Amino acid sequence: MIRMEIALSLVLLFIGYMYFSAEKQYNSLHVTFQRLLISVQINLLLDGATVYTVNHLDTVPPLLNAILHRLFLGTLVFCIYLFYRYVSILMHDKSGRQTKLDIPARVFLILALLGNFLLPLSYTETAKGNYSSGPYVYIPYAAVAFYLVLCSVLMVINRKNIEIKNKITLGIVLFIELWVSILQAFNPTWLISGMGLTLMALCYYLTLENPEALKAELTEQKLSMLYLKSQVNPHFLYNTLDTIRIQAQLNGDKEVSNLLMKLVDFFRASVKVDRSIVTLDDEMDMLENYMDLMCYRYPGINCEYDIDPDLGGVQVPNFILQPIVENSLLHGLKNKGYKGNLIISAQKVNDSTVEISVKDSGTGFPEDKKELIDNMLKNYAKHAPKLTGNSIGLLNVQKRIKLLCGAKYGLSYTDNESGGVTAHILLPFKEEVK
């Protein structure tokens, strides 16, 4: 039996090598899979150790045997919990809805681990081999049953939001673990729990977490970045240059030089495609150059900033604020003759979250348009990046925030009581490493 654990461990080591060497974004889904690979590998090593110790009860110290068995089944329960967490995060990413099953899942994990280390442990000796027995061994079976039920409930609730590939993969994974557990229950000496975990991890790797899928995800991110930059309205460039030309005829070179410098600084910052993450200071420098030009072009626009100075080093996705501000100008203040106020603020919400807001005093969204925008931002995963169409800049901003920062962060809009709208951008509080 130990040979099987060694073979499974080698298979998992190969999967881990291929996975960790692949280029990828470290979002919550991928981090959970990484933890799962490590936990299953530890479980396989403990599995092999306990296969030996349980069949040498006369030579292995009882305390060592008990410790190894409790660690083995404890990591087994934790691995099954991580399989549930992966499904939970996947469903949340696809549907945008936060599941209410995470709390009972965590509570059960704590109770199961406590029972695993506190309940009495005994052994059954047979001609075919020995195995652990007693109330203690029912804990992993209960964990498998509990988490498989939770996964099934999540799949049923979100069946309309997940792709057929995901449905098939998750169905196969649940089927494998169910039947491995049934076979193990009726044949305790088979000791095949490690095979079940390895096959589940292999299914995830081949379909949901393989390097090609990760490359495709990164490709979408880079394409979204390019699409987003393509949304800089060319009329902005032409009209601004025309404004500079006219101004050059009316006054001296100093003011024209300053305008040209702001324009150059803006475009120099906006074409840094290779940097997906920048500091808030860098993002604000580019935005201020853009707004200085727009306020010069439209003197009726007043722009105010309320930026917490302690947040200058916070990391944010590159080029997310300009499309939001441009949307406020073109769809809010345009109908008021480009007259009104813009307030751009950045404040710390709590120890883990930062909110950047763009508040305008424009005409706001028409009622039907607001509903379309909210629906598009909520169901961002169902919309492919495009080069044309209304509000595509907002969609690409949403996609990039979700991809780079996680599903719980993103862009949303609220109506202002005094008129206009406020864009809210929630981002993780993560400062630049110096």
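A few comments on the model shown:
- When E209, E255, E326 are compared by accessible area of protein heavy atoms, the largest-first order is E255, E326, E209, using a 1.4 Å probe.
- Ranked by how many other beta carbons lie within 10 Å on average, peptides 167-179, 364-376 from highest: 167-179, 364-376
- Pairs exceeding 31 Å between alpha-carbon atoms, taken from K160/K348; K369/K408; K378/K430; K334/K378; K262/K399; K262/K408: K160/K348; K262/K408.
- Shape category assigned to the stretch 288-401 from the gyration tensor of Cα positions, a/c cut at 1.5: oblate
- Long-range HN-HN contacts of V354 with modeled amide H, under 5 Å: V349, L427, F429
- The C-alpha radius of gyration of the stretch 1-98, expressed as a fraction of 2.2 N^0.38 Å, stands at 1.32.
- Taking θ as phi - 60° and the Karplus parameters 6.51, -1.76 and 1.60, the scalar couplings of the stretch 60-67 work out to 8, x, x, 5, 4, 4, 5, 4 Hz in sequence order, x denoting glycine and proline.
- Förster-model FRET efficiency, 60 Å R0, E367 and A142, C-beta, rounded to 0.05: 0.70
- The stretch 306-422 - percent relative contact order, Cα under 8 Å, separation 6 or more: 27
The values are calculated or read from the model by the stated rules, or taken from the named source; none is laboratory data. Keep in mind that this is a model prediction, so the values were computed, not measured. Every residue, glycine as well, gets a Cβ built from its backbone with ideal geometry; the counts of neighbours run over all protein chains shown. Note: accessible area is taken over every heavy atom of the protein model, side chains too, but ligands, DNA and RNA are not part of it. Shrake-Rupley method; radii C 1.70, N 1.55, O 1.52, S 1.80 Å.
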